[in-house]
Amino acid sequence: MGANIVIGGFWGDEGKGVISAWEAFRSGSLGVFRGCGGANPEHGMFIDDHYVKVNQLPLGFILQECMIGLGPGTAVDPVKFLYEVQRFHLTPEKVRVDHRCPIITAAAIAEEKENSNMQAIGSTFSGTGIAMAQAALRIAPIADDIRELQPFLDDVPALANDLAKKGKINLEGTQGTFLSRFHGEYPNVTSVDVTAPSVVAGTGLNLREVEDVIVAVKTQPTREGSGSLGEVEEFTPEEMEQLGIIEYSSIVDPRTGKHQIRRKAKSIDYGLLNRIIMLNGANKLALTFAEHYDPEVNGVTKWSDLTKKVRDLIDKIEKMTNVEVCLVNTGKQFNCIASKKNDLPAINDKIMQRLQSYIE
């Protein structure tokens, strides 16, 4: 019983949605909850080379088919919410929205697109920031006010705490720790705090129910736009292209109309990683994009089959942080993942058919 939380390390884009999905599946989760942010994050996984993503819902439900909850700390875009509910064949019995959630309106989205400050920080223009600002000013509409959301409304804190006493639940953070408005490089931050304490508070979960806090960390952290990557060397675009490890942002450069290339560090800054662990109270780490660090590990699903290069990196991380690495993501496909305990359930034909039904 209790709750496990998956949090993003560094500056996001570290595959925490996939980690959340496997963690919920592994633990037989009764529910996956979001407690912060809005419709701005993008959590996704590759299924048969097709990218399946969410912006409003947590991705953790996708393997487990458990209850989904949006806590009062989450801003809701009714258009995106209803689209995702339909796309994933969900019903009000499976998806609950707290009646106090602030609402992202079309006007809020338009205001962000016209705001020079939002343009300067590389905003996704989801309207989340304006909605959160309006909520702080007590002028935002809330879920109670939206007719289309009425079938989904609930007391989500009560639901989360009730389920946590019956079995395991999972909380899914958004974005990366250093994009937190509290802990990032202001003003290049998101509109809210995204660390574990705020995810718990925004869900309304009794903090005594928390068991594990798992931080997802890239083998080579990436970042959108300007700002430091820590006391480490950075790849040039030419080096990334030569190695086949280029990652493209979801943000389109307005000057070129093309998706931006993410900046990538050549290694992990352990001073920053230890700060991430401190801020989140992390007791476990999940290592992602291992195939970018060592192509030979691509597709490995057994801990014993991890390459020496990756095992050496795990040993170094655990030595430098005194925190266990429990999961390793080894490839682009969602099922390229290995658990130290070798306790991940198998993906049977029924689950695979359901996952394929999500492909557009």
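The condition (being surrounded by fewer than 22 Cβ atoms within 10 Å (Cβ to Cβ) and assigned to a loop (DSSP other than H, G, I, E, B)) is satisfied by just one residue among Asn188, Asn161: Asn188.
Among the residues of the stretch 302-329, those that are touching a residue at least 12 places away in the same chain (Cβ under 8 Å), in contact with a Phe, Trp or Tyr (Cβ under 9 Å, 6 or more places away or on another chain) and not hydrophobic (A, V, I, L, M, F, W, C) comprise Lys309, Thr321, Asn329. Please verify whether Ala140 is farther than 24 Å from Phe61 by Cα, in a loop (DSSP other than H, G, I, E, B) and not acidic (Asp, Glu), treating the condition exactly as stated. Criteria met by Ala140.
Among the conditions (1) surrounded by 14 or more Cβ atoms within 10 Å (Cβ to Cβ); (2) modelled with pLDDT of 95 or more; (3) in contact with a His (Cβ under 9 Å, 6 or more places away or on another chain); (4) aliphatic (A, V, I, L, M), Leu243 misses just one, which is (1).
Which members of the stretch 256-296 meet the condition of being part of a helix (DSSP H, G or I) and over 13 Å from Ile245 (Cβ atoms)? Please lay out each step first, then the result.
Initially, the stretch 256-296 is screened for residues part of a helix (DSSP H, G or I), giving 270-280, 290-293, 295-296.
Hits for the stretch 256-296 are Tyr270, Gly271, Leu272, Leu273, Asn274, Arg275, Ile276, Ile277, Met278, Leu279, Asn280, Glu296.
Among the residues of the stretch 77-99, which ones are buried (at least 24 other Cβ atoms within 10 Å of the Cβ) and either free of Cβ contacts under 8 Å to residues at least 24 places away in the same chain or not in a loop (DSSP other than H, G, I, E, B) (or both)?
Going through the stretch 77-99, the residues buried (at least 24 other Cβ atoms within 10 Å of the Cβ) turn out to be 77, 81, 97-98.
Phe81, Val97, Asp98 - these are the residues of the stretch 77-99 that are buried (at least 24 other Cβ atoms within 10 Å of the Cβ) and either free of Cβ contacts under 8 Å to residues at least 24 places away in the same chain or not in a loop (DSSP other than H, G, I, E, B) (or both).
Taking the stretch 334-345 as the range and being closer than 13 Å to Ala21 by Cα and either of a type in the set (S, T, N, Q) or outside any strand (DSSP E or B) (or both) as the test, the residues that pass are Phe334, Asn335, Cys336, Leu344, Pro345.
The residues on offer are Ala39, Ala24, Ala3, and the sole one that is part of a helix (DSSP H, G or I) and in contact with an Asp or Glu (Cβ under 9 Å, 6 or more places away or on another chain) is Ala24.
Is it the case that Thr301 is part of a loop (DSSP other than H, G, I, E, B) and at pLDDT 95 or above?
Taking the combined requirement at face value, the residue satisfies it.
The values are calculated or read from the model by the stated rules, or taken from the named source; none is laboratory data. This is a predicted model, so every value here is computed, not measured. Cβ: placed from backbone, ideal geometry, glycine included. Neighbour counts: every protein chain shown.
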